[in-house]
Each structure stands twice: as structure tokens, then as C-alpha cells.
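Just below is one structure, and these are the notes that go with it.
Each reported figure results from applying straightforward, stated rules to the coordinates on display, with no laboratory input. Treat the numbers as computed from the prediction; the structure is a model and nothing was measured. We place every Cβ from the backbone using ideal geometry, glycine too, and count neighbours over all the protein chains shown.
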Amino acid sequence: MKLTLLSVWLYLVVMPAFSQTVFRMDSLPSNGVVLDKNWKWHLGDNPNWANPTFDDSRWDTINPTQDIALVRQLPQQGIGWLHIHLHVAPRLRGQLVGIRLEQAGATEFFLNGKLLLRNGKISTHKDIQAGSIWSDHTSQTIQLEADSVQFIAIRYAFSRNKLPINRYHFAFFNLRLQPIEVGEKGELKQRVEIVIEAALFGVFLFLGLLQLLLYAVSTVQRTALFLGLFLVTQSIVHFMNLVRNGADSFFFTLVGITNVLAVFEAITIGFIVAITISTFYYLLGIYQYFGQPRKTTFWAIACITFTTIPGALFLNYPYNFLSQFIPGLLIPFVDILWIGILAIKRKHPGAKLFTLAHSLVLLIFISWTVSVFLPNVSPFLSENVLYLFSISFLALALTISLLLAQERAAINKLLRQQLLDLEVLSGKTIAQEQEKQQILSTQNERLEQQVEVRTAELNQSLTELKSTQTQLIQKEKLASLGELTAGIAHEIQNPLNFVNNFSEVSTELVSELQEEETKTDRDTELIQELLNDLSSNLQKINHHGGRASSIVKGMLEHSRTESGEKRPTDINALADEYLKIAYHGLKAKNKSFNCELVTDFDPTLGLVEVAPQEIGRVLLNLYNNAFYALSEKQKITPTNYQPTVSINTQRSESGIEIRVKDNGTGIPESVKAKIFQPFFTTKPTGEGTGLGLSLSYDIITKGHGGTLTVESQPGSGTEFIIHLPTKG
Amino acid sequence: MTILVVDDEVDIKELFLQRFRREIRTQVLQLAFALSAQEALDYLDKHGGLEILILSDINMPGMSGLELLRRVRSQYPLPPPPVIMMITAYHDSPNYQQAMADGANDFLGKPLDFNLLKEKLKPFVAGL
């Protein structure tokens, strides 16, 4: 670069002194002659300037082969003329020579005032003066004339507009004269390249899109996605190559691009980006395909690829080449080779074929790299590297597609197998389900049967329990009857005593009367007295007989099992009667027992609608409990204790109240809650059924809609309160 | 001789008066009545020096006949101690034994057999 700058500088400084000097072309070597000095340049446009006789001695001297960016005389775009005088060696005069042209615009080629060639299209349009073309490889020729000095004039419409990257170097105007065979060969080669690139582009694009399409249909195969993207981006690489190579021949003229440098640069950038992404997807796809875990190595290589390849844009040749291809491509390719080898070791089915294809690409890639730097090592390789490269790449693309197809087939097979397995499995599941269902229903049936049996058993038990309960209630009644017997006996003995004795006395009185009748001096006073006594006695007999019969009746009523009918009852009389019965009953059993009976009956109580024998049973029960409590207390407090049972009847707001109070042992708080429970008793075993208070509670609450409550102070006594509602 | 009849039955008075009508008329004996043991004790307090024979029921509200018996035996050791006969509807063995142990002179059941009573009174009542 420095050398170039130096030569330009020398040229610019030295050349004006040798103005009108000609460019000497003494021979035409196979690599041609570049016309790189003795050029004159003038901005502007004049048809006269094509004339060989025009004096251009005042025009600027220029070396147009230099980078367009460095040509200081130029505006961004415009039209100007280049002149050169060519001294042609005698044997070359009148010969047909090929020309090879690099330019950044459109040109018209004049030889000795005659227009010979047009490259691109010079537009005279107001705004855009330059048509554009990039002419590199051509088989264009010119017929040199017979003169020793020949005059070449170039009418040149140019544009220097580039992309901001501005790192790609273009010559302003590079004209090379060469033997015509070279040009023909070059053009052929270029055509072949275009065909090859187009073919590669097509194949890669087709295969890539196919993979992506297949992936889109079923997203199972991730490899297809990655390698499909690799193939597609690779097709873009080839497309860019295609466009670049075909730049002069077809496309640029075809589409009339006005800003060739920018387009070219854009294509180059696209090419670089496509290579970068393509390489990355290749790496990714192969990692995926061989199931290689993507760890640090992978990401490090990906980073290298992403940084080095685009970095090529900012470097000059050959450094950019070094930075781009050696680390950016070679490292991932070597890594992929290594992964392929690992996969072969693991006996991965596609590994061998892939590694072979990849090795081929890598080998040719290395060879190509070498050939670029050392073109003379193998001329064959240098000349044919493109074909080899294309073949190897094509082979790689096909291999990859084949492997993906195989993989897909394997996946499909696996899926089909899984589907079959699934069908078998679901069949089994359904069978099991049905079996379970059957078991379940069988169990349900069995359960139902068991439940029925149990229910029947329970019903049986319930019936037995009910009958037992009835029996128990009956027993309780009989038990209380038993307790009564003694009291009743006493109660009957007393009236019987009167009945017997008054009737006996009455018999005596009658015989006395008869005796008196026989007397002549009848004592009428005595007769009257006897008759009075007799009458009174009969009344008493009647009274006490009735008393005895009512006691018997009460006893019968008490022993009845069914609930008695309700009828208006003198509660006071009932309470009193049962009190006596209870008391005497106890006395009969326990001679030493003694207690005070205090009755306080409300005379205004009147008749109350109750079932008398039921209420009697309740009262009897309460009395017995009271007496029991008293006798219990008597056992522990021998002296100064006057056992007392108080019966009190009174009206209340909604009915009547019967209070049975004793000053016995009282009921402990812990027992109080349980006393109305069936079978709860504090009496020694065999002495109480535990049903007394329970039955009483039922009689009062259920039978009469009343309440039976208890108030008790342990140690000082208990009071039971019966509340019976009265009608109205 | 006064016979104190202790019983809570009111009609017992009429019965005794009629049964012993002749004896009363001939003044062989006198009858007194108490409706409870306490009344009997009050009577004894009032007529302490008289010749009294007590016929007492056992089963009575309040103080029982046996208690009365015990009290009389402990509180009235007068010479001669009063004859006490117990009358009860419960003329069973334990009652009898208890009464005799407590110092009863005799024991009679209900219904009362007045002929038997008179036989039993004969040793204590002159002229019966």
C-alpha cells in the first residue's frame, strides 16, 4: 500500500515534466499489459476530445488504476475524459488484442478518434450522468491500427458513492491489454462459474427449503431446521457469488444499476454475512445431528466465527482473507470433522458418510486457501479449485440431505413403532380399565349385599334392642311395684283394720240392740246411741273399704304397661297418696328409717289434665330417690340430722309446679348431667335399674310437654321440679 | 288404768271407744289418744304419775313408734315403767325382734284382733 502511495506521489510529482509522453507497449505477455501511467484526465464532456489531434497537454496527469477513493481530482460523480498515447511495438501493430477492464461506471472507448466499444450506458440524464457497469472479465477486443503511436480516449461516466463501510477497494479505471485467447478463456471460465454458482444456488436453496418445509410440517427434527438454514444461507452465499461474478456480463446492465460500487459492496457484505450465518448453522446442525452437547467449545467456536468472518470487511487483502477463512471457517470445520470422528467412534449410523463428505470439503478448502497464497504450487488446483469446491459442496449438501432423510425415516419408524406400542398399550389400558370396572362392579354388588345383610342384622338388633328396652321398662315398672308392695300392704292393712273391727263392733252393737229390744224397759237413749254408732260405723266401713279398693286400683294402674289416658286429676291428692305409698314402702324395708314429710299443697291447684298413673310413677320415683338420699346421708351423719322430704305444689305462669325437695346427700356436679340418661344409677348393682329418672323425664317432657329439672347442692340436698303446662 | 293409743289414723279413736265401750262404761279402764309419737310424749309429760299403758302404731309420719318406745324407755324410768305394746301392719319377724329388743312388752298386728288384745291386756288391767 505504501509502495502504491509512493509511486502515485512520484508519478504526480515527476510526470508533468514528461507530458505528452507515450505509454510504450513493447510486447503482449500472457498476463497482459496494464496501462497504469501516462494518462491524462479532464472533467467535462466534449465530443472533440475524442479527436487524436486535440491538445491535452494542459490536462491533469492521472494514474486511474489506483483506488477510486484516492483519486483526489474527482467529484462524487460526473463525466470526464481519459487520454493515453500508446506506442505500439511493430509486431503488435494492426493486431487484434483483448482488453480487460475494471471500472466504476460506464465508458465509451475511442481508438484514434473512432468509437470501438461501449461498456455500460452513459446517461445524459439531468441528475444521473453515469450509467454503471463493473467490467472485469470480458472477451472484448480492439483492432490496433498500423500507426506507431495510437491514441486511446475514454469517455467515462462514474460514480464514487459507496456504502459507509467503505473498506472495499475499487480501481478507478484499470485497462489491461492482453492476448485475445486469455480473454476468451477468462470469459468462458466466468460463464462456467456463473452456471456452477447458479446450479449450487438452486440446489442448496431447493434442498434447504425442502428441509425447512419438512421441519415446518413436523417440528420433531431439529437437525432439519439447523441444516436447512445452513443450506439456505449457503445458497445465499452462492447467489452473492453468482451476482458478483456475473456483474459485468449480465445483471448490472440488465437492471441498469446506477451506483455500482454501493451495490457491489452490499453484495459483498451479504456474502460475508451469509457465510458467517451459514457456518454457524452448519456447526449447530452437526452438533445437533450427532447429539454433541453444546458446551463451551461450541460457543467459543461460534464466537470466533461471528467475530472473525465479518471482521474481514474491515481489513485489506490478504489480511482479511487470513482473518476470514483461517479462523472463521477453518476452526469450525476442523471441529465439525472432530465431532464426525467422535461420532464414527460411537458408531453413529450417518457419521462415516458425513465425515467423508465434510473431509472432502475441508481438504479442498485447505487446498484452495493454499492455492490462493501459493498459486504456483499446483497450477491444476489453482485453475480448477472452483469446480472441486463446487463438487465437494454439492456432495456435502446431498450427503446432509441424505442423512436428514435417513434420520427422518428413522424417526418415522420410531414414531410408527411408538404409535403401535401406544395402540397396544392403550388396548391394554382399556382392557385393564374394563377389568377394573368389572372388579369394581362386582365389589359394589358384594358391598351392597353385605350392606343388605348388615342392615338386616342391624334391624334385627334394633328390634331386639327395642324389645329389650320394652322389657327393661316393664322390669323397672315391676321393680317399682315391688318396692310398693310393702307400702301398699300397709296401706291396705290400715283400712282393713277398720273394716274388720268396725264390722265386728257393729255386729256386737246389733246384738246389743237386739238384746235391748227384748227388754221391757227399753233404754231409748241407749238404743239411739247404738244406732248412731252403728250408722257411723257403717260409714267408716264403707270409707275404709273404698280406701282399700282405691289403693288396689292405684296399684293395678301402676302395673299397667301402656300409657294411661289423661284425665283431670287432683295433683295434690295424687302427690300425697304416692308419698305415703313410697314412704311406707321404704319403712317396710328399712325399719330404722325415719323422716319428716312436709307437704305444702296449693289448694287452688284444681284439676290438671294428666295421666295420673304416669305422673304417680314419676312422683314415686322422685320420692324414692329422695328417701334413698336421706337414708344415705343418715348413714354418714348419725346425730342431729332430721331427714326431711318436702312436697310443694303451686301454680306457675304457664301451668303448675311440683317440687320434691330433700335434705339428703345431694348430687355431685359430675353426676348431675347424667341422671336423666337411661341406665345411669348411683345405687349399688342390683338395687336400681337406672331407668327411673330416664322414664320420668320422658313422661314429663314427651308425655306431658313439661319439664323436669333438678337443683342440687352436694351435701345439703336436692330439689326436683316438675313443671306441667295447663291448657289455655 | 289409762290406755294411751298412739296412731296417726283418726278413726282409731272411734274404733277403740266402741270396742272398749263396756270397759269404759264400767270404768275398768280409760282411753287416751295421740295422733303422733310427739303428742304421746306430750301426754306423758302432762300425766306423768298416772298408770299408763301405751298402745302404739309403729309406722307414723314424723317420729316412729319404735322411736317413741326408745324415748319412753329412756326418759320415763318411772316405777313401774309403763307397759308398751306395739301395733303394726308389718307384723314380721325383724320388726317384732326390733320392738322387743327396744323394750316393748308385746307386739300386735293389724288388722287388730281386739279379743287377743283384751287377753294381752288382762294381766295389766284389773277387772278386765
**Helical segments meeting 18 Å axial Cα length and Kyte-Doolittle 1.0 threshold in chain A (DSSP H)** = A:180-217, A:260-289, A:296-311, A:331-345, A:351-373
**Message:** Can you tell me the convex hull volume per residue for segment B:2-120, based on C-alpha atoms, in Å³ to the nearest whole number?
**Reply:** 100 Å³
**Fill in**
Charge tally for neighbours of A:L708 with beta carbon under 12 Å away, counting Lys, Arg as +1 and Asp, Glu as -1, is -2
**Request:** With 5 Å bins from zero, work out the P(r) of segment A:629-670 over every alpha carbon pair and list the percent per bin.
**Result:** 6, 19, 21, 17, 14, 12, 7, 4, 1
**Fill in**
The size of the Cβ-based charge dipole (Lys, Arg +1; Asp, Glu -1) of the protein assembly as shown about the Cα centre, to the nearest 20 debye, is 7480 debye
**Request:** Normalising by the residue count of segment B:2-120, find the relative contact order in percent from Cα pairs under 8 Å and 6+ residues apart.
**Result:** 24 percent
**Message:** Given the C-alpha atoms of segment A:595-728, compute the convex hull and give its volume per residue in Å³.
**Reply:** 111 Å³
**Prompt:** Could you work out the helix-only [θ] at 222 nm for chain A, with each DSSP H run of four or more residues adding -39,500 (n - 2.57) and the total divided by the number of residues, to the nearest 500 deg cm²/dmol?
**Reply:** -19500 deg cm²/dmol
**Complete:** Long-range amide H partners of A:T65, meaning residues 5 or more apart or on another chain whose placed amide H is closer than 5 Å, are A:F173
**Request:** Would you mind working out the magnitude of the charge dipole of segment A:286-404 relative to its Cα centre, with +1 at each Lys and Arg C-beta and -1 at each Asp and Glu C-beta, to the nearest 20 Debye?
**Result:** 560 debye
**Above-threshold pairs, the threshold being 29 Å between Cα atoms, out of A:K466/A:K702; A:K352/A:K413; A:K553/A:K674; A:K580/A:K635; A:K540/B:K120** = A:K553/A:K674
**Asked** Which one of A:S536, A:F290, A:A266 is farthest out on the positive end of the charge dipole of chain A, using unit charges on Cβ (Lys, Arg +1; Asp, Glu -1) and the Cα centre as origin?
**Response** A:A266
**Request:** Quick one: give the max-minus-min coordinate of the C-alpha atoms of the protein assembly as shown along each principal axis, largest first, in Å.
**Result:** 224, 56, 48
**Of B:N115, A:P349, A:I275, farthest towards positive along the dipole that unit charges on Lys, Arg, Asp, Glu beta carbons give the protein assembly as shown** = A:I275
**Message:** Please report the antiparallel percentage of DSSP beta bridges with both residues in segment A:567-728, rounded to the nearest 5.
**Reply:** 85 percent
**Request:** Would you mind telling me the antiparallel percentage of the DSSP bridges in the protein assembly as shown, rounded to 5?
**Result:** 70 percent
**Request:** State to the nearest 20 debye the size of the charge dipole of segment A:567-728 about its Cα centre, where the only charges are +1 on K and R beta carbons and -1 on D and E beta carbons.
**Result:** 480 debye
**Item:** Between segment A:511-546 and segment A:371-430, the Cα center-to-center distance that results, in Å
**Value:** 150 Å
**Complete:** Of the candidates A:I658, A:H169, A:V243, the farthest towards the positive dipole end of the protein assembly as shown (Lys/Arg Cβ +1, Asp/Glu Cβ -1, centred on the Cα centre) is A:H169
